[in-house]
């Protein structure tokens, strides 16, 4: 089952790259959509057979690969990674549909896009460190091209920055992985087996640091975050969507899958640091967002702010807080993906993202504007929508562990609300501008990408147990490892 | 019937969906859907109220739930552990979130407090729905208006039905959203644009405090459900500073929502919204939700004297402070807005001094007469197209129904016998009189005087004297029946609703809605002082504005700085703008600058250095890597030569780095691990 998630998009990428002529754009698009929809269906099938009771890995596939050094082809999924698979499945289809707006070199674009999708599925299913690392890097490379070739005016700078940053991060992470491999003395890269080994605390602390750098860059955690606004601003819309919705989650997923279960003792010493940087992300990200003049940058900084809640939740390590953190990963994926889709819609029409040049869109493009308002309220944590559940659980779960930090973080919610409301006031309200009066409202294709997100954000806001029941056993196992209650 | 109480909130919710998505297909934009829905809700709410009342009265007769037992409990400290009786409570809940053994439930409950509130909200909302047909006639966003009105009502009713803080907070915020959308109904104009944003952000500051208070309560009591929390606090599980912190933080939510000082600044600005919205949301229901919050959280509050003192003094100060501004406001809606803030302060003060029944009672009567006054002002604005009282005058000749209902509302608000406000205001003053907060009793008397004064002023300026703007007066006319009928219905309630807690009905209300046993003996002194204050206020108001006994220009000059300060609303907005808002925006600008010019600079310098190194390393000929790169590149990158060149350099550096990582890993292992 899980292999098909990885190999269907990969096979489709190869088919497009090798066999489809570049002028058959519709064929390319058809193949791409099919190759992202099938995994979505597979994820649905897995969901229908999901065992809600177990903490163990499900749908495991384990084959020997390079036995001499203990590398395996080992896939499996638990509640935490499966929630990420659901997110990946949904967002990869929607971003694929959003990619229909790409108007040059479609063949390369979709081939690279499918490689990117392969990498994402791989990261969330791999249970062997080397396999994990390969997929981790596999995401990086197509991303670089997708930003560098189809991006905005400063795409090369942005792509390079993204590449160097994540490259340095992943190299250091590899150091950490290798250190674990040697230290454990088990001669295996099996991530589950490595959790059983004991590591001396001093070693664990350093190994944790190495892994931290790799994951923190992806999240991104302050002060490693400056690649994100640049990458977002220059990336084409669907790539921004994937970047915000799924790629950032790879970093926090890494903490959950690798750092915390394998090095729980080190995590305990690192926890106050996590809480602190989480708080910085929340408050600092929100304040920087408030002063942004570029709409896409504003959304990018809001992502930084929101990911801070994940870090805070990890630090607190109570069942509520970690559930909230995972919920935030999922919810933020939907909401930020939606925001980037919406920014793309207006950018396609106006060719500007400058907030000062946009006004009166409630009248100019009422449907788009209403959905934009919905997404903004979702992002600022309006109760009844998914973001609230996540922030609520993180804050309630952290309050008894880091009281002062949690109180300040809660105040960060006001800052987030203020920049979204200011943005809505400037862009959506007011008299429409002559310049944009004739703009068409959201097209059916755009609505196809937006409506599912509206429904999902509302669904997961009202019925959170839909997802929480899946992630619950795995979260509890992480909490147990960290010695929480 | 009570098991179906959730329908009262659910029907307006369905109405919202219908109007929002299909309203434009209907002839009148879907307004009838909302009216029908609210009518059903009102019928259901009435049935629920009657049933709850019956159950309560039976219970009292049997002595099972009645105040008598609770009084005994209060008198006997050894029986501590029972939460004070709030009357028969019907509760249904289900699991909402389950994390391991942690079970977070949600559900609805009906107790006397909920039952009376449900009735009031659905009645006022229905009146506003009907009134808006006339007032909003021909509006560009008529359908959107009705849709949001329905959603608001659904949220408010859900809030009342919630049996736990989570559902409470959800509906609380959805109300805030609707308030935001309706204040900004005419969003192309700068006023509503600014006001809607200000309202949302200001109330959110209070909301954060409330959320933290709720979270603290959760950790202290292990639950979000009201009944569990009541049981836990009554059992003495929480005490001391923790209890006070919980109560004060929760109270912050009420300070924001009910526009108490210092977060009151959004409510006057919220008058930018359509007047029916002001009547429903910003007078009768949503702003009163803060008072309801305190009443609902009384199992926490009543155990902490410190928190009650905070509540009492904030309420009392707000009542006085807002009344002072209302005495000089020139815009008829602003008079009513400051009056609302002042009256909300009154209710908050009542709860603070221990007058649970008094606070809730005033909340109900106030909802009727204040929505009446707002709708009445709407009728005037509809006729004159101005809100400035200096352009009004003499309207009693042309708008009989509006004038008389407005006067009824004024008498009720001023607290003149036998109108509704008389009874509820008396209860509050009595509670203050019997409490240790003697100062607040006198504040209450002073506010009663000021209230009567500024309302008389408003009535006189608007309806009596000579028309000051003849052009506008010429075109004035009485409003259509869909506007006047709601006025008449509300006037009936403004007149008679106070009687439910009068000797005439044997103080029925106090027996129905109570928190434990409240022993308030009626005091003729209190009643006499309150009535005297009200009559004096009316007299002074009419003397100045009706008989013109003093030269107002001279009086203004004599008042000097006091007049200027009052006219400028004590400069609170200016002070906030100059301090908090400015510092906030400056800090944001600084962080943005810091991010771009400090952090990113470091990144770029490091990146540049790395790039140079990468190029240098590129001279290292790594055949294998280069070949692999070109192999991939040939398929993918044809045409992107520049990119490819850079990329090739990078992949070489990358391979080197990988190689280095392996070496480093081994070294780390040797040094640290070994």
Among (1) crowded, with 24+ Cβ neighbours inside 10 Å; (2) within 14 Å of another protein chain (Cβ to nearest Cβ), the one test that residue A:104 misses: (1)
Set A:162, A:189, A:208: member being in contact with a strand residue (DSSP E or B) (Cβ under 6 Å, 6 or more places away or on another chain) and either away from chain B (no Cβ under 11 Å) or crowded, with 24+ Cβ neighbours inside 10 Å (or both): A:189
The one condition in (1) away from chain A (no Cβ under 14 Å); (2) without any contact (Cβ under 8 Å) to a residue 24 or more places away in the chain; (3) more than 29 Å from residue B:351 (Cα to Cα); (4) surrounded by 11 or more Cβ atoms within 10 Å (Cβ to Cβ) that residue B:553 fails to fulfil: (4)
Residue under evaluation residue B:232, criteria (1) buried (at least 24 other Cβ atoms within 10 Å of the Cβ); (2) modelled with pLDDT under 95; (3) away from chain A (no Cβ under 14 Å), criterion not met: (1)
Subset of region A:407-426 [more than 8 Å from every other protein chain (Cβ to nearest Cβ) and more than 19 Å from residue A:296 (Cα to Cα)]: A:408, A:409, A:412
In region A:107-138, the residues that are under 17 Å from residue A:211 (Cβ atoms), away from chain B (no Cβ under 14 Å) and out of contact with any strand residue (DSSP E or B) (no Cβ under 9 Å at 6 or more places or on another chain): A:123
Which listed residue, of A:41, A:37, is exposed (fewer than 14 other Cβ atoms within 10 Å of the Cβ), at pLDDT 95 or above and part of a helix (DSSP H, G or I): A:41
Candidates A:93, A:123, filtered to the one that is more than 18 Å from residue A:12 (Cα to Cα), modelled with pLDDT of 95 or more and assigned to a helix (DSSP H, G or I): A:123
Whichever residue in region A:192-205 is facing another protein chain (nearest Cβ under 8 Å) and outside any loop (DSSP other than H, G, I, E, B) and, among such residues, is surrounded by the fewest Cβ atoms within 10 Å (Cβ to Cβ): A:202
Residues located in region B:243-296, provided they are closer than 22 Å to residue B:153 by Cα and either touching a strand residue (DSSP E or B) at 6+ places or on another chain (Cβ under 8 Å) or assigned to a loop (DSSP other than H, G, I, E, B) (or both): B:258, B:259, B:271, B:273, B:274, B:285
Options B:232, B:220, B:225; residue that is under 19 Å from residue B:91 (Cβ atoms) and free of Cβ contacts under 8 Å to residues at least 60 places away in the same chain: B:232
3 or more residues more than 14 Å from chain A (Cβ to nearest Cβ), out of contact with any helix residue (DSSP H, G or I) (no Cβ under 7 Å at 6 or more places or on another chain) and modelled with pLDDT under 95: qualifying helices (runs of 4 or more DSSP H) within region B:67-180: B:67-75
The lone exception for residue B:594 - which of (1) assigned to a helix (DSSP H, G or I); (2) facing chain A (nearest Cβ under 10 Å); (3) modelled with pLDDT under 50 it fails: (3)
The lone exception for residue A:295 - which of (1) within 14 Å of chain B (Cβ to nearest Cβ); (2) touching a strand residue (DSSP E or B) at 6+ places or on another chain (Cβ under 8 Å) it fails: (1)
Hits in region B:300-313 (condition: assigned to a helix (DSSP H, G or I) and surrounded by fewer than 23 Cβ atoms within 10 Å (Cβ to Cβ)): B:305, B:306, B:309, B:310, B:313
Set B:656, B:615, B:622, B:566: member being surrounded by 13 or more Cβ atoms within 10 Å (Cβ to Cβ), in contact with a helix residue (DSSP H, G or I) (Cβ under 7 Å, 6 or more places away or on another chain) and modelled with pLDDT under 55: B:622
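A quick yes/no check of all residues on (1) at the interface with chain B (Cβ under 8 Å from one of its Cβ atoms); (2) at pLDDT 90 or above:
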residue: A:358; (1), (2): no, yes
residue: A:374; (1), (2): no, yes
residue: A:388; (1), (2): yes, yes
residue: A:401; (1), (2): no, yes
residue: A:428; (1), (2): yes, yes
residue: A:436; (1), (2): no, no
residue: A:443; (1), (2): no, yes
residue: A:454; (1), (2): no, yes
residue: A:466; (1), (2): no, yes
Hey, residue A:300 within 14 Å of another protein chain (Cβ to nearest Cβ) and more than 14 Å from the chain's Cα centre (by Cα) or not: no
Filter pass, residue B:558 being loosely packed, with under 12 Cβ neighbours inside 10 Å, in a helix (DSSP H, G or I), free of Cβ contacts under 8 Å to residues at least 40 places away in the same chain and away from chain A (no Cβ under 12 Å): yes
Residue match in region A:469-479 (condition: more than 25 Å from the chain's Cα centre (by Cα), part of a helix (DSSP H, G or I) and more than 16 Å from residue A:278 (Cβ to Cβ)): no
Qualifying residue in region A:72-79 (condition: within 30 Å of residue A:27 (Cα to Cα), assigned to a helix (DSSP H, G or I) and within 12 Å of chain B (Cβ to nearest Cβ)): no
Residue check, residue B:183 at the interface with another protein chain (Cβ under 8 Å from one of its Cβ atoms), buried (at least 22 other Cβ atoms within 10 Å of the Cβ) and in contact with a helix residue (DSSP H, G or I) (Cβ under 9 Å, 6 or more places away or on another chain): no
Matching residues, region A:1-16, being over 24 Å from the mean Cα position of the chain (by Cα) and either crowded, with 19+ Cβ neighbours inside 10 Å or under 30 Å from residue A:466 (Cα atoms) (or both): A:16
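The values are calculated or read from the model by the stated rules, or taken from the named source; none is laboratory data. Predicted, not measured: the structure shown is a model, and the values here were computed from it. FYI the Cβ positions are ideal-geometry reconstructions off the backbone, even for glycines, and counts take in every protein chain you see.
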